[in-house]
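Peer 1: Sending over a structure as structure tokens; questions will come in a sec.
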Amino acid sequence: MKSSRQTTLRSDVTVTGVGVHSGQTVNLTLRPAGVDTGFVFLRTDLDGGPRKVRATREAVTATAFATVLGDSDGPLVSTAEHILSALRGMTVDNAVIELDGPEVPIMDGSASAFVAAIDRAGVVQQAAPRRFIEVLKPVHVKNGESFGELRPYAHGFRAEIEIDFANRVIGRQSYVLDLSPESFRGDICRARTFGFMSDVAKLWSAGYARGASLQNSVVFDETRVLNSEGLRYADECVRHKALDVVGDLALAGLPLIGLYRSVRGGHKLNHAVLSALMADSTAWRVTEAQPQPAQPVRRRARVGGMVGGM
């Protein structure tokens, strides 16, 4: 909540990579957007012409293995969570996310390449005050052994995440994130998506993970991490879950002021809790920051422990 004004990108910036599920090479361009635009995905490769969808919870069409957004004509963009996480984590309010394929590129499995792209583009303040969705009372969702809730919290956005896997290499992990550009950049943006070697054949047969590799995913068997470089953090898996939470909850349309807690969660639970909050009009309100004179946002580029100007 340090900045009281909305922000957008200073200039266009493009990254290229493969989709972790589709296996297709995709060019993704982040573009500046006007006040109150939010995050808008724009597909440019479709036969019928460009098609766009605003990144909101209503646009979610699937949550199996990734967050998929679409409209009445069907799915439009898959694996939206990492780029949304980077934008929200770096306090960008308005951006157009242009794609020439069906899926946001997975890059190295984390959000670090997107943070670096935002640094290259630069972030600027806009004339309008930033707005927030403030959680006023608790909402809860329980699904089997999974549990999620949003609660009032006066100090910005906090995530308390707990995972518990039968795989003994991962086991039970917990992580607390107080979201800011500094904590996002330094603590979670490099945490990679992960999976299990035992699930590979099943995923392939279902049409998933066609672009997955040890270069963009952390892979576990029953006794070890298969990536030669090992883990980036001892608790990389739960940190990645926190990264996903920031992206999935960006679908609120505005930054949240509240505390999100999940146990054994994932994209489906994140979406269910956000939907439960928005369905109860007494559980939230839109608040507006007090405006201050607009000025450029200056940030140090620090990805992967390296600090410098970008």
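Peer 1: With no solvent and one equal point scatterer placed on each C-alpha of the stretch 128-230, evaluate the Debye formula and give log10 I(q)/I(0) for q = 0.10, 0.12 Å⁻¹, two decimals.
Peer 2: Summing over Cα pairs of the stretch 128-230 leads to -0.45, -0.63.
Peer 1: Consider the candidate values (1) 47; (2) 52; (3) 28; state which one is percent of Cα pairs over 30 Å apart computed from the structure displayed.
Peer 2: (3)
Peer 1: Taking the Cα centre of the chain as the origin and placing charges on Cβ (Lys, Arg +1; Asp, Glu -1), which of SER22, SER78, GLY148 is farthest toward the positive end of the dipole?
Peer 2: GLY148
Peer 1: Assign unit charges at the C-beta atoms only (+1 for Lys and Arg, -1 for Asp and Glu), then state the dipole size of the chain relative to its Cα centre in Debye, rounded to the nearest 20.
Peer 2: The calculated dipole for the chain is roughly 740 debye.
Peer 1: Same structure, new question: Of all beta bridges DSSP finds with both residues in the chain, what is the antiparallel percent, to the nearest 5?
Peer 2: Rounded to the nearest five, the antiparallel share is 75 percent.
Peer 1: Another question, then. So for the stretch 104-215, taking the charge dipole from beta-carbon charges (+1 Lys/Arg, -1 Asp/Glu), which of LEU203, ILE170, ILE133 sits furthest toward the positive end?
Peer 2: Positive-end residue among those listed: LEU203.
Peer 1: Can you count the Lys pairs in the chain with C-alpha separation below 27 Å, eight or more apart or on different chains?
Peer 2: Within the chain, the lysine pair count is 11.
Peer 1: Put +1 on the Cβ of every Lys and Arg and -1 on every Asp and Glu Cβ in the chain; which of THR56, PRO181, ASN216 then has its Cα farthest towards the positive end of the dipole?
Peer 2: My answer, from the dipole projection, is PRO181.
Peer 1: Can you put GLU236, GLU134, GLU58 in order of accessible area, largest first, using a 1.4 Å probe?
Peer 2: GLU58, GLU134, GLU236
Peer 1: Now a separate question. If you roll a 1.4 Å probe over the chain with all protein chains in place, what percent of the accessible area is carbon or sulfur?
Peer 2: 50
Peer 1: Shifting gears a bit: So, for the chain, what is the accessible surface per residue at a probe of 1.4 Å, expressed in square angstrom?
Peer 2: I get 44 Å² per residue for this part.
Peer 1: Here's a follow-up. Would you tell me the accessible area of LEU9, worked out with a 1.4 angstrom probe on the heavy atoms of the protein chains, in Å² to the nearest 10?
Peer 2: 0
Peer 1: Roughly how many whole Å is it from the C-alpha centroid of the stretch 15-60 to that of the stretch 212-226?
Peer 2: Between the Cα centres of the stretch 15-60 and the stretch 212-226 lies a distance of 28 Å.
Peer 1: Ignoring ligands, DNA and RNA, how do PHE147, PHE41 rank by accessible area with a 1.4 Å probe, largest first?
Peer 2: Heavy-atom accessible area, descending, gives PHE147, PHE41.
The values are calculated or read from the model by the stated rules, or taken from the named source; none is laboratory data. Just so we're clear, the structure is a prediction, and the values are computed from it rather than from any experiment. As a convention, Cβ positions derive from the backbone with ideal geometry for all residues, glycine included, and neighbour counts pool all protein chains shown. Note: areas computed on protein heavy atoms with side chains; ligands, DNA, RNA excluded. Shrake-Rupley method; radii C 1.70, N 1.55, O 1.52, S 1.80 Å.
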